[in-house]
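Chemist: Let me give you the structure first, and then I'll get to my questions.
The values are calculated or read from the model by the stated rules, or taken from the named source; none is laboratory data. Please read these numbers as outputs of a predicted model, since none were measured by experiment. Glycine also receives a Cβ, built like all others from the backbone with ideal geometry; neighbour counts cover every protein chain displayed. Surface accessibility is based on the protein's heavy atoms, side chains included, excluding ligands, DNA and RNA. Shrake-Rupley method; radii C 1.70, N 1.55, O 1.52, S 1.80 Å.
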Amino acid sequence: MTQGHGDQLTAELNGTALFRYHYRPQLPAAECPSPYMHPLRTLAGRVVSGNRPHDHRWHKGLAMTASHLSGQNFWGGGTYTPGAPDAGYLDLPNVGRQDHLGFGSIDSTGFTEELAWITADGELWIRERRRVSVQDVDRAEGSWTLEFSTELRNVRREPLLFGSPAVFGRAQAAYCGFFWRGPRSFIGGRVLAADGLEGSAVMGAASPWLAYVGEHDEVDGHATLLFRADPADDEGGRPHWFVRSETVPMVNPSLAFAEERELAAGAVLARRYRVTIADGAWNRATIAAHLERCPW
């Protein structure tokens, strides 16, 4: 990892910047200023993330979010409000931020970081500790893996409720948590999951993995992102997936797909995810071979 400009870290491998981590981004308050990773690149240097797209300016590559948290918005943009006009989204004075407090360590493979989740009213609700690292670089396979682990501690002194628009009545809109926005060229990409699931059938499915295959603009070829959750978590590594491909490329192992998730005062919500980023269009056989070589 190398540091630059006082607000970024870059993971480089043989001259390719695999990702850039913006830990003190200068962003409008309505976009929930928070650390994020963009651009993400394959080993061949091809970009597989999107940033501030015109349809959702608050989408930032790969980031940790909470669209609904006890009435606060830690994602940015409008807040889904049942019964409101214009599809139910209102711009409310409830958008918080995630402040970088410092790095516990920075080494050749990654870093640990301390963060504070601050509400729109300036209250500290969550202390977070996260670890981001590069693993399983495989040049023959054309892939590398980013591991993201987080511990969210409720310091509010009363329970926190993680939710999503789906919880409050907007079907198929269950985004909350670890969130990837893909580049615009990935619209219409192929979505695969375990047990033979594919396409729209993956939305809301509980699966140990989800693969998104997209095609690049400008250069010939595809890329694949394989998302996984730690089987040691309290969901057994089978989150309910929020995913879209036909209009907007995005993937999220939702923390609150159908109902609110309560985090008691003083309690910690821990999650660990792996995202394997590969050149080429992987199929089920390729995915199975990778999972066998790189198990949890």
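Chemist: For the stretch 1-27, which positions are in a strand (DSSP E or B), more than 18 Å from the chain's Cα centre (by Cα) and of a type in the set (A, V, I, L, M, F, W, C)?
Modeler: Passing the criteria: Leu13, Ala17.
Chemist: Right, another one. Do we find a residue being out of contact with any Lys or Arg (no Cβ under 9 Å at 6 or more places or on another chain), touching a residue at least 24 places away in the same chain (Cβ under 8 Å) and open to solvent by less than 10 Å² (accessible area, probe 1.4 Å) anywhere in the stretch 226-239?
Modeler: no
Chemist: Please work out which one of (1) under 20 Å from the mean Cα position of the chain (by Cα); (2) of a type outside the set (Ser, Thr, Tyr); (3) in a strand (DSSP E or B) is the condition Asp55 fails and give its number.
Modeler: Every condition holds for Asp55 apart from (3).
Chemist: Of the residues that sit in the stretch 66-104 and are part of a loop (DSSP other than H, G, I, E, B) and among the small types (Gly, Ala, Ser), which one is most open to solvent (accessible area, probe 1.4 Å)? If you could, list the steps in order and put the result at the bottom.
Modeler: Just the residues of the stretch 66-104 that are part of a loop (DSSP other than H, G, I, E, B), to begin with: 70-71, 75-78, 81-85, 91-94, 96.
Now restrict to residues that are among the small types (Gly, Ala, Ser): 70-71, 76-78, 83-84, 96.
Values: Ser70: 44, Gly71: 59, Gly76: 1, Gly77: 12, Gly78: 17, Gly83: 84, Ala84: 23, Gly96: 4 Å².
The residue in question is Gly83.
Chemist: For the stretch 240-261, which positions are open to solvent by less than 10 Å² (accessible area, probe 1.4 Å) and not β-branched (Val, Ile, Thr)?
Modeler: Selection gives Trp241, Phe242, Pro249, Met250, Asn252, Pro253, Ser254, Leu255, Ala256.
Chemist: For the subset of the stretch 152-207 comprising residues that are touching a residue at least 40 places away in the same chain (Cβ under 8 Å) and among the charged types (D, E, K, R), which member is least open to solvent (accessible area, probe 1.4 Å)?
Modeler: In this case the residue turns out to be Arg181.
Chemist: Among the listed residues Ala63, Ala30, identify the single one that is touching a residue at least 12 places away in the same chain (Cβ under 8 Å), farther than 29 Å from Gln135 by Cβ, open to solvent by 10 Å² or more (accessible area, probe 1.4 Å) and not in a loop (DSSP other than H, G, I, E, B). Spell out the reasoning first.
Modeler: Working: Ala63 fails: farther than 29 Å from Gln135 by Cβ.
Residue meeting the stated conditions: Ala30.
Chemist: Have a look at Ala265, Ala270 and point out the one that is in contact with a strand residue (DSSP E or B) (Cβ under 9 Å, 6 or more places away or on another chain), part of a loop (DSSP other than H, G, I, E, B) and touching a residue at least 60 places away in the same chain (Cβ under 8 Å).
Modeler: Only one candidate qualifies: Ala265.
Chemist: Moving to a separate point now. Might you check whether a residue that is more than 16 Å from the chain's Cα centre (by Cα) and either part of a strand (DSSP E or B) or at pLDDT 95 or above (or both) occurs anywhere in the stretch 177-185? Write out each step before concluding.
Modeler: Of all residues in the stretch 177-185, those more than 16 Å from the chain's Cα centre (by Cα) come to 184-185.
Then keep just the ones that are either part of a strand (DSSP E or B) or at pLDDT 95 or above (or both); that gives 184-185.
Within the stretch 177-185, one or more residues are more than 16 Å from the chain's Cα centre (by Cα) and either part of a strand (DSSP E or B) or at pLDDT 95 or above (or both).
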